[in-house]
Structures are given as C-alpha cells and as structure tokens.
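All remarks here apply to the structure that follows.
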Amino acid sequence: VQLVESGGGKAQDGDSLRLTCATSQYNLHMYGIAWFRQAPGKEREFVATVNYSGAQTYYADSVKGRFTISRDKDKDTVSLQLNSLKPEDTAVYYCAANRFGRATSLASEYHYWGQGTQVTVSS
C-alpha cells in the first residue's frame with residue numbers, strides 16, 4: 001500500500017495543524033495506522049496510533065491531550081489533529097501502516113511508510 005501524508009507546514013507556538021494519511025487504493029480501513037516523527041539529529045519516535053476499526057488509540061506521553069488521531073470512514077483516511085503546538089513538535093511526520101490492523105507503538109511492526117510531511121513550529 002502506498003501511503004501519502006498531507007497537511008504539514010509552518011505554525012506558531014500554540015497553533016494547530018491537521019495531518020492526513022491516505023492511499024490511492026481505498027483500503028486504509030484494513031490497516032492499523034500510526035504517526036511517527038523524526039526531528040533533526042534525533043531518533044524517530046512514536047506519536048499516535050489507531051487500530052483498523054478506530055476503537056483503539058494510543059498516544060505518546062509528550063502529545064497526550066494535545067494531539068488526536070482519528071479515522072474518516074467516508075474518505076478512508078486517518079488524520080492527526082495537532083493542537084497547542086510547541087517548537088519541540090517540529091519534525092518530519094510519517095504515516096505508517098500495520099497490515100494486521102493492529103495499533104502498536106513499535107516502528108518495527110509497521111510494514112508500509114509514507115514519505116513524510118514537515119511540521120515546523122516557531123516560538
């Protein structure tokens with residue numbers, strides 16, 4: 001499956017952005033989807049995940065209460081709403097898919113990855 005992220009850009013401290021993960025095959029509903037991010041000079045880190053049905057979601061402690069992951073069943077997309085952005089949220093954000101439909105924070109359990117979208121937050 002080919003994943004495509006959109007919605008990144010530049011924001012100010014405290015602003016909001018919405019990232020979207022989609023695929024041209026219209027089968028995203030079969031996969032567990034996660035967002036990871038990688039800041040310059042840092043390791044890739046888990047951000048949030050949702051299982052195939054949308055019933056299970058998990059978040060990294062650093063974004064809990066600020067970011068929300070959700071599925072749009074009509075559009076067959078997964079979005080990540082980023083609220084109360086901080087400069088430390090600056091990173092390339094990647095969408096990833098688990099072909100077994102699971103929600104997991106482990107990058108090694110994701111089989112497909114998008115190219116990433118840049119989010120830059122300035123103070």
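With each pseudo-label sitting 7 Å past Cα toward Cβ, what's the T57-S108 distance in nm, one decimal?
2.8 nm
Could you run the Karplus curve 6.51 cos²θ - 1.76 cosθ + 1.60 with θ = phi - 60° over the range 41-52 and give me ³J(HN,Hα) per residue in whole Hz, x for Gly and Pro?
So the J values, rounded to whole Hz, are x, 10, 6, 5, 10, 5, 10, 7, 8, 9, 7, 4.
In straight Cα distance, which lysines are under 16 Å from K64, not counting same-chain residues fewer than 8 positions off?
K86
If one puts a single equal scatterer on every Cα of the range 19-98 and applies the Debye formula without solvent, what log₁₀ I(q)/I(0) results at q = 0.11, 0.16, 0.21, 0.22 Å⁻¹?
-0.27, -0.56, -0.92, -1.00
Quick one: accessible area per residue over the range 2-105, 1.4 Å probe, rounded to a whole number of Å²?
Solvent-accessible surface per residue comes out at 52 Å².
Given the protein chains as shown and a 1.4 Å probe, how many square angstrom of S24 are accessible, to the nearest 10?
110 Å²
Say the dipole of the chain comes from +1 at the beta carbon of Lys and Arg and -1 at that of Asp and Glu; which of L28, T57, Y94 then lies farthest toward its positive end?
L28
Using packing as a proxy for protection, rank 70-77, 44-51 so that the peptide with the highest average count of other Cβ atoms within 10 Å comes first. Provide the component values of the computation, followed by the final result.
Working: 70-77: 14.0, 44-51: 20.9.
Highest-to-lowest ranking by the protection proxy: 44-51, 70-77.
The values are calculated or read from the model by the stated rules, or taken from the named source; none is laboratory data. Quick caveat, the model's predicted, so the values are computed rather than measured. Cβ atoms come from the backbone with ideal geometry, glycine included; neighbour counts cover every protein chain shown. With ligands, DNA and RNA removed, areas are computed over all heavy atoms of the protein, side chains included. Shrake-Rupley method; radii C 1.70, N 1.55, O 1.52, S 1.80 Å.
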